[in-house]
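Below: the structure, in structure tokens.
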Amino acid sequence: MRMRTATALGFVIATYGLAADAQPPHRFMGGPVTLEDQGSFFVGGVTKVTEYASTPVTPPGQPPPGPTPQQITIGQMYVQFEIPAHRSGPGWPVIMVHGSTHTGAALESTPDGREGWYPYFVRRGIPTYVVDQSGRGRSGFDQSVLHEAQARLAAGDSAGAAELLPAMQRITNNGAWTAWFGHLIPAGSNVTNGRLILHGASDDPELGTAPQPHVAPQFPMEAVAEYYKQLVPNAEATLPGSTCMTCTPQALTPANTWTPQNLATLVEMLGGAIVATHSQSGIMGHHMLRILKERGHLSLVKGLITVEGGCSLPQSGLTAADFDTNPYLALKGDYTATSAQCQETVDAINARRADKLGTAHAEYVKLDEIGMLGVTHMMMLDKNNLEIADLMIDWVGRHVDKAPRRR
């Protein structure tokens with residue numbers, strides 16, 4: 001019996017080997033790239049001493065051990081990078097920041113196996129750094145607050161436990177669909193009794209309501225189930241928030257506390273960078289700019305790109321004058337309404353240009369108004385994602401000053 005099993009296993013391995021030889025593995029990259037360097041590291045973080053770093057394992061029949069103080073690190077930010085051997089464009093590195101419920105994986109490759117913005121920028125000759133927001137993905141989160149809440153609950157302090165438990169938001173599968181890809185019909189239904197349809201479908205309730213044709217999404221819908229695997233909880237809610245005296249409101253969420261601080265430090269480490277944010281991280285890029293201003297390093301931001309994210313100057317404690325030397329690009333796709341916030345910020349910056357104040361370019365590009373229809377909120381994964389990447393790269397080439405030549 002053992003011989004037969006081994007023989008069968010050998011046949012399976014041999015057959016798989018032949019199949020692998022006959023079908024070369026799918027290639028994600030659009031072409032070869034030569035790297036000067038690549039790697040990963042962490043930025044920021046603080047130590048925390050807690051009696052709830054982990055849940056102790058108690059042997060059967062023995063009383064649980066007493067609490068023991070332990071030290072952990074929280075608030076750090078994971079960074080991965082690739083530096084091409086041959087550079088092009090202004091020469092500054094680009095830092096890419098993902099949005100809510102995502103990690104840096106959204107920038108690496110697409111759900112249907114194509115090149116993402118991260119490797120494409122590198123292949124275009126741009127040193128590129130991709131982060132996992134603090135409290136998300138490989139940056140880790142603070143599990144001790146969950147264990148402490150559990151301990152309080154076990155001790156009968158339900159109110160104290162509820163006070164500690166963070167509200168971790170996440171985008172659901174059907175929530176992503178209705179926010180970016182289509183609709184749930186009929187009105188008032190839910191995922192258990194309704195039907196999901198795409199934008200541009202014959203029974204789309206929004207057909208004919210927009211100035212431009214309402215078309216099907218550019219997103220690779222055949223791989224949407226693969227995309228859903230990227231969605232994770234916003235575990236940065238386990239971290240503490242902070243206060244910003246120049247911001248409105250002054251109380252900052254954990255998301256707007258840790259990642260902006262760490263982005264500012266990363267920009268300083270790199271000696272200057274262009275920062276591209278998406279969705280939730282849009283306002284984080286603005287907070288990062290404020291922090292660098294407070295540190296006297298505002299000039300290190302060589303350009304700020306906000307892809308369908310928040311653009312509020314009052315919320316981030318900034319003014320239009322802070323962009324006198326910092327080029328600014330806000331970008332929107334098809335199905336998202338024009339952001340009054342982003343338009344107001346760009347208009348305020350350009351009003352200073354009209355008064356002969358400042359020199360940096362500011363622009364709000366609405367892709368649907370320039371003929372790029374079907375672009376979704378997750379445009380870095382859309383079928384025309386590299387066309388949009390080219391648009392950003394070309395914008396940087398026109399409006400960002402060149403970095404000093406490397407020696």
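Details
- The chain: most fluctuating residue of His147, His102, His199 per GNM, C-alpha cutoff 10 Å: His147
- Residue among Ile291, Tyr335, Gly317 farthest towards the positive dipole end of segment 231-348, charges placed on Cβ: Ile291
- Expressed to the nearest 5 percent, the antiparallel share of DSSP beta bridges inside the chain is 50 percent.
- Springs join every pair of Cα atoms under 10 Å in this Gaussian network model of the chain, and among Thr243, Thr192, Thr55 the largest mean-square fluctuation is at Thr192.
- Positive-end residue of Ala179, Val49, Ala225, charge dipole of the chain with Cβ unit charges: Val49
- Surface composition of segment 253-320: carbon and sulfur make up 56 percent of the accessible area, probe 1.4 Å.
- Lys/Arg +1, Asp/Glu -1 at C-beta; the chain dipole; positive extreme among Leu373, Ala161, Pro84: Pro84
- Dipole in debye (nearest 20) - segment 313-369, about Cα centre, beta carbon charges: Lys, Arg +1; Asp, Glu -1: 140 debye
- Put a plus charge on the Cβ of each Lys and Arg, a minus charge on the Cβ of each Asp and Glu, and nothing anywhere else: the dipole of segment 261-407 about its Cα centre is then about 700 debye.
- Computed from the alpha carbon atoms alone, the convex hull of segment 312-403 holds 118 Å³ per residue.
- For semi-axes √(5λ) of the Cα gyration tensor in Å, the value computed from the atomic coordinates appears in the list (i) 35, 32, 26; (ii) 45, 25, 21; (iii) 55, 28, 20 under label (i).
- Under the span-like rule (Cα at least 27 Å along the axis, Kyte-Doolittle mean at least -1.0), DSSP H helices of the chain: 2-22
- Comparing Pro254, Pro69, Pro119 in a Gaussian network model of the chain (Cα springs below 10 Å), the most mobile by mean-square fluctuation is Pro69.
- With every protein chain in place, segment 131-242: carbon and sulfur % of accessible area (1.4 Å): 56 percent
- Local electrostatic count at Ala105 - Lys and Arg +1, Asp and Glu -1, tallied over other residues with Cβ under 12 Å: 0
- Total charge dipole magnitude, the chain, about the Cα centre, Cβ charges on Lys, Arg, Asp, Glu only, Debye to nearest 20: 960 debye
- Surface exposure of the chain, expressed per residue as accessible area with a 1.4 Å probe, stands at 49 Å².
- Taking the helices alone, the chain has a mean residue ellipticity at 222 nm of -8500 deg cm²/dmol, built from -39,500 (n - 2.57) per DSSP H run of at least 4 residues and averaged over all its residues.
- Cα-based reach from Lys366 at 28 Å (exclusive), listing lysines while leaving out same-chain residues under 8 positions away: Lys302, Lys332, Lys356, Lys383, Lys402
The values are calculated or read from the model by the stated rules, or taken from the named source; none is laboratory data. Please read these numbers as outputs of a predicted model, since none were measured by experiment. Because the Cβ atoms are built from the backbone with ideal geometry, glycine has one as well, and the counts that use them run over all protein chains shown. Side chains included, ligands, DNA and RNA excluded: accessible areas come from the protein's heavy atoms. Shrake-Rupley method; radii C 1.70, N 1.55, O 1.52, S 1.80 Å.
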